[in-house]
There are 2 protein chains.
Amino acid sequence: MKTSDLIAQIRKKNSFLCVGLDTDKTKIPEFLLTEEDPIFAFNKTIIDATHPFAVAYKPNIAFYEAEGIEGWRALAKTIEYLNKNYPEIFTIADAKRGDIGNTAAMYAKSFFETFNFDSVTVAPYMGKDSVEPFLEYADKHTILLALTSNKGAHDFQTQPVQNRALYQIVLETSQTWKNAENLMYVVGATQADSLSEIRKIVPDSFLLVPGVGAQGGSLEEVCKHGLNSNIGLLINASRSIIYASNKADFADAAAAEAKRISALMKNVLRDL
Amino acid sequence: MKTSDLIAQIRKKNSFLCVGLDTDKTKIPEFLLTEEDPIFAFNKTIIDATHPFAVAYKPNIAFYEAEGIEGWRALAKTIEYLNKNYPEIFTIADAKRGDIGNTAAMYAKSFFETFNFDSVTVAPYMGKDSVEPFLEYADKHTILLALTSNKGAHDFQTQPVQNRALYQIVLETSQTWKNAENLMYVVGATQADSLSEIRKIVPDSFLLVPGVGAQGGSLEEVCKHGLNSNIGLLINASRSIIYASNKADFADAAAAEAKRISALMKNVLRDL
């Protein structure tokens, strides 16, 4: 998907919400467990219920991998379902992969070709040649971890390097890589204070922002410091939407929560 | 597997060779492609031929993931085959995963429970809470990326932090984490110069050393600076062994190359 199509979708829906499909068989409504493929049945229902309020879906690959082959089958069905029924939706494989060149190319093939996601999250630790194989794909997006939402982000990402924080060096350095226009970045919502500094380094890039909702980040603070003239934000909520209820009303409850967040986003966009 | 069992195996075989199963359908002998599961057929033959000379096998997960569900099935069969037929072998899922706590726990479940590997490689960028869920497993090993063998290692890993290199901070910091005794580290063979410094920080830890063979690292240099009183090294070779030939003699050629490397190791151990 071209970035311009993502922006057009955001403007049309007045939402920049990404729904995280962290689908865990121990947390979905019990009555779904009798379905042939409970994970896909859950995802399909959540997608159908929430898509008017969301522009992106982000399966976290760990949750599928943990179920073995059954999980990968559910993931394949989920992305196929999204691509077929909601082709305007931006899809993110939250995989946080990172390996040397020839291996990175295999991961890129997996997520961009085998599964046909629009984007994949990638870890920066191994440097340029571990990321560039992803960047080669036109109209596919590589979402590099910059400053994450968890406590451990301060172990290394905020350590001082050349009078900057490591994550700032990651942002700056990655902008020099080939096809850097295909980069987006992960910045946790719990790190809103840092967003102004981040916008100085990557004014035009889209930022994928997890950590609103269950992790406690503030939507308003993120918007205040993170929006750019093309919106430039995808704000993710996972558990607060998909597990809003684990009863028969789970789809309605998920839709209500997605609608509530997208209404906040609509207000923000109106005031721009 | 307990570390003591790994050490006992190394002493018995006089080898600390790890064979990397980077199995790529475009590189294996063509006549195997008619097999029902060419990837597993190749792996099984390579394992049967090389196991007298190797103490560990390391499938790089990217190669399996790129084949979709078929690849995961081949991976499952490979690890089952190893665990059943060669229980003394140390198995490594080269996955380089890394995500926040609840998600890291899912990855740990995937590799330690669903697939029953002895160890998994993990990226450090997201810090303590992204690694500790792996460390909770007794007699399972978490192999943290420290200083990798690729060129991009110098983009971030060797950047100066607190008058040290970032990878040294990763080594030091990770040693303070809960269950740190379950940590091993990835150090590329192309970085042999740095091994003496690394041994000052982690004198007792096992190091997984890729980059001998196709990537050009020197076995002798790695041993000179990296060995400790419990050996403390697993040296990996992938392509130079498994693709030693792509003809009918591929198993013999792989065994010959594994034997050649293990003979060098035997010499090193004799001279200790």
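The values are calculated or read from the model by the stated rules, or taken from the named source; none is laboratory data. Quick caveat: nothing in here was measured; it's all calculated off a predicted structure. Don't worry about glycine lacking a Cβ; one is built from the backbone with ideal geometry, like all the others, and counts go over all protein chains shown. Quick note on the areas: whole protein, heavy atoms, side chains included, nothing else; ligands and nucleic acids left out. Shrake-Rupley method; radii C 1.70, N 1.55, O 1.52, S 1.80 Å.
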Checklist entry - Quick one: in the range A:12-28, which of the residues that are free of Cβ contacts under 8 Å to residues at least 60 places away in the same chain and in contact with a helix residue (DSSP H, G or I) (Cβ under 9 Å, 6 or more places away or on another chain) is farthest from A:G188 (Cα to Cα)? => result A:K25
Next on the checklist: Restricting to the range B:99-148, give me the number of residues that are facing another protein chain (nearest Cβ under 8 Å) and in a loop (DSSP other than H, G, I, E, B).
Outcome noted: 9
Checklist outcome for this item: Considering residues that are crowded, with 24+ Cβ neighbours inside 10 Å, in contact with a strand residue (DSSP E or B) (Cβ under 8 Å, 6 or more places away or on another chain) and farther than 15 Å from B:M184 by Cβ, the number found within the range B:109-143 is 3
Checklist outcome for this item: From the option list A:F63, A:F31, single residue qualifying as over 16 Å from the mean Cα position of the chain (by Cα), within 20 Å of A:S245 (Cβ to Cβ) and either part of a helix (DSSP H, G or I) or free of Cβ contacts under 8 Å to residues at least 12 places away in the same chain (or both) is A:F31
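Within the range B:155-166, can you find the residues that are within 12 Å of A:Q159 (Cα to Cα), facing chain A (nearest Cβ under 9 Å) and open to solvent by 10 Å² or more (accessible area, probe 1.4 Å)? Before the answer, list the steps.
Keep residues of the range B:155-166 that are within 12 Å of A:Q159 (Cα to Cα), which gives B:156, B:159-166.
Now restrict to residues that are facing chain A (nearest Cβ under 9 Å): B:156, B:159-162, B:166.
Hits for the range B:155-166 are B:Q159, B:P160, B:Q162.
Having 1 or more residues that are surrounded by fewer than 15 Cβ atoms within 10 Å (Cβ to Cβ) is the bar; report the helices (runs of 4 or more DSSP H) wholly within the range B:195-272 that clear it. Even if it seems obvious, please write down each step before you answer.
Numbers: elements: B:195-201, B:219-226, B:239-242, B:250-270.
In the range B:195-272, B:195-201, B:219-226, B:250-270 are the helices (runs of 4 or more DSSP H) which contain 1 or more residues that are surrounded by fewer than 15 Cβ atoms within 10 Å (Cβ to Cβ).
Looking only at the range B:19-35, decide whether some residue is touching a strand residue (DSSP E or B) at 6+ places or on another chain (Cβ under 9 Å), surrounded by 20 or more Cβ atoms within 10 Å (Cβ to Cβ) and more than 12 Å from every other protein chain (Cβ to nearest Cβ).
From the range B:19-35, those touching a strand residue (DSSP E or B) at 6+ places or on another chain (Cβ under 9 Å) are B:19-23; that's our starting set.
Filter again for surrounded by 20 or more Cβ atoms within 10 Å (Cβ to Cβ), leaving B:19-23.
Still in the list and also more than 12 Å from every other protein chain (Cβ to nearest Cβ): B:19, B:21.
Checked against the condition, which is being touching a strand residue (DSSP E or B) at 6+ places or on another chain (Cβ under 9 Å), surrounded by 20 or more Cβ atoms within 10 Å (Cβ to Cβ) and more than 12 Å from every other protein chain (Cβ to nearest Cβ), the range B:19-35 yields at least one hit.
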Item to check | When residues of the range A:167-178 are limited to those that are within 11 Å of another protein chain (Cβ to nearest Cβ) and polar (S, T, N, Q), the one least open to solvent (accessible area, probe 1.4 Å) | outcome: A:S174
Checklist entry - Got at least one residue in the range B:210-218 being over 25 Å from B:S238 (Cβ atoms) and of a type outside the set (D, E, K, R)? => result no
Checklist outcome for this item: Filtering the range A:106-138 down to residues that are modelled with pLDDT of 95 or more and small (G, A, S) yields A:A108, A:S119, A:A123, A:G127, A:S130, A:A138
Next on the checklist: For the range B:179-194, check the following and say yes or no: at least one residue is among the polar types (S, T, N, Q), within 14 Å of chain A (Cβ to nearest Cβ), within 24 Å of A:N163 (Cβ to Cβ) and out of contact with any Leu (no Cβ under 6 Å at 6 or more places or on another chain).
Outcome noted: no
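From the list B:K96, B:K58, which residue is at the interface with chain A (Cβ under 7 Å from one of its Cβ atoms), in a strand (DSSP E or B), under 17 Å from the mean Cα position of the chain (by Cα) and surrounded by 24 or more Cβ atoms within 10 Å (Cβ to Cβ)?
Among B:K96, B:K58, only B:K96 is at the interface with chain A (Cβ under 7 Å from one of its Cβ atoms), in a strand (DSSP E or B), under 17 Å from the mean Cα position of the chain (by Cα) and surrounded by 24 or more Cβ atoms within 10 Å (Cβ to Cβ).
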Next on the checklist: Which of the numbered conditions does B:Y185 fail, given that it passes all the others? Conditions: (1) farther than 20 Å from B:Y57 by Cα; (2) in contact with a strand residue (DSSP E or B) (Cβ under 6 Å, 6 or more places away or on another chain); (3) of a type in the set (S, T, Y).
Outcome noted: (1)
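For the subset of the range A:1-18 comprising residues that are assigned to a helix (DSSP H, G or I) and of a type in the set (A, V, I, L, M), which member is most open to solvent (accessible area, probe 1.4 Å)? Don't jump to the end; show me each part of the working.
Step one: filter the range A:1-18 for residues assigned to a helix (DSSP H, G or I), giving A:3-13.
Going one step further and asking which of them are of a type in the set (A, V, I, L, M), we end up with A:6-8, A:10.
Details: A:L6: 1, A:I7: 26, A:A8: 59, A:I10: 0 Å².
The residue in question is A:A8.
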Checklist entry - Out of curiosity, is A:T78 within 30 Å of A:S218 (Cα to Cα), among the β-branched types (V, I, T), facing another protein chain (nearest Cβ under 7 Å) and in a helix (DSSP H, G or I)? => result no
Next on the checklist: So for the range B:150-161 (the condition being of a type in the set (G, A, S), in contact with a helix residue (DSSP H, G or I) (Cβ under 6 Å, 6 or more places away or on another chain) and under 15 Å from B:G232 (Cβ atoms)), does at least one residue qualify?
Outcome noted: no
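If you scan the range A:34-51, which residues turn out to be of a type outside the set (V, I, T), in contact with a helix residue (DSSP H, G or I) (Cβ under 8 Å, 6 or more places away or on another chain) and in a helix (DSSP H, G or I)? Break it down into steps so the answer makes sense when it comes.
Going through the range A:34-51, the residues of a type outside the set (V, I, T) turn out to be A:35-38, A:40-44, A:48-49, A:51.
Subset that is in contact with a helix residue (DSSP H, G or I) (Cβ under 8 Å, 6 or more places away or on another chain): A:35, A:37-38, A:40-44, A:48-49.
A:P38, A:F40, A:A41, A:F42, A:N43, A:K44, A:D48, A:A49 - these are the residues of the range A:34-51 that are of a type outside the set (V, I, T), in contact with a helix residue (DSSP H, G or I) (Cβ under 8 Å, 6 or more places away or on another chain) and in a helix (DSSP H, G or I).
Using the structure shown, decide if A:Y185 is assigned to a helix (DSSP H, G or I), over 19 Å from A:F53 (Cα atoms), of a type in the set (S, T, Y) and open to solvent by less than 20 Å² (accessible area, probe 1.4 Å).
Values: assigned to a helix (DSSP H, G or I): no; over 19 Å from A:F53 (Cα atoms): yes; of a type in the set (S, T, Y): yes; open to solvent by less than 20 Å² (accessible area, probe 1.4 Å): yes.
The answer is no for A:Y185.
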